[in-house]
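This report refers to the structure that appears directly beneath it.
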C-alpha cells in the first residue's frame, strides 16, 4: 500500500467513502506528497540489520527549571506481523510487512526524583509521513502514564492510562490528517530538502509527557532553508515549523544522507545537540 492509497483511505464519514470522494483533509495531505522522498526509508542503508543510534545533549524544563540530560533516538527497520501488530519473532509468517521504528528515550534528573520517557513511533517504510502506530510512556515517583495511537483506517484511535485526576483510563479519536510533533525528527528527514519546501501542515502537540490531556492541533507553517554555517558544525538544512504565534520549533538536518538530526530547539525549551551516531545491533535476530 503506497502513501497515496493511505490518503485515499482517509475518508472520514461513511457517506464520503460510499461516494468515493476524498475529503479536504486528505486532499491537503496529498498536496504535500511532492515535498517528501517516498524512497527515503527504502534504501539499502537500512537493510544491514543495524540500528542507527543517535545520542544528544539535551535540555527540558521541568518544574520551571532547565534540566540537562542525555537523549537517545534509535531508528531501525523491523518486520511487523499483522496478527499482533508488533515486531515478529517468526520470519516465515505470511502476514509480515516492513516498518521503520523510531525509539526516543531519556532519563531526566529533577530535584526530588527522576523522570523517564520512552516513545516508540512506527511508519510503513514506503510511507514516511503516515504514522502507523505510536506508544509513549512516562514513569516518575507520582505514577505511570501510557498512551497509544493506532491507525484504524478512519481515525487515529488513542488509548490512554494516566494517574492524573480526570485523565485516568479512556480512549478518544484523533484526526488522521496530522503530523505528530513527536515524529517530526523522523518525518522531516524525508523532505526533498534541495527543493526548499514551504507548506502548511497540521501538527498534533507533543505526546511525550506525563499527562493525557485532550489534544491540541496546530495549524502550522513549515519553511526549509540552507542552514547558515555558524548554526551547525556540518553542512545542514534548517527546517522551521511555526506552530502558532510565538511557538516555533527549528530542526537542523545533515545535508548528507541519511540526514541525521543535528540539532533541535523548540518553543517550550526542549533542545537537542548531536553528540554521536553509531550503527549497532542492539538485539539479535
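Values in this text are rule-based calculations from the coordinates and carry no lab data. Fair warning: this is a prediction, and the values are worked out from it, not measured in the lab. Here the Cβ positions follow ideal geometry from the backbone for every residue, glycine too, while neighbour counts run over all protein chains shown.
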Measuring from centroid to centroid over Cα atoms, what is the spacing of region 110-128 and region 169-213 in Å?
-> 13
At 222 nm, what helix-only mean residue ellipticity would the chain give, in deg cm²/dmol to the nearest 500, using -39500 (n - 2.57) for each DSSP H run of four or more?
-> -2000 deg cm²/dmol
For the pair residue 275 and residue 192, what calculated FRET efficiency results from E = 1/(1 + (r/R0)^6), where r is the Cβ-Cβ distance and R0 = 25 Å, to the nearest 0.05?
-> 0.35
Length gain on complete extension for the stretch residue 62 to residue 244, per 0.36 nm per residue less the alpha carbon to alpha carbon distance?
-> 63.3 nm
Taking the structure as given and computing Cα Rg over 2.2 N^0.38 Å, which label from (i) 0.99; (ii) 1.17; (iii) 1.22 fits?
-> (i)
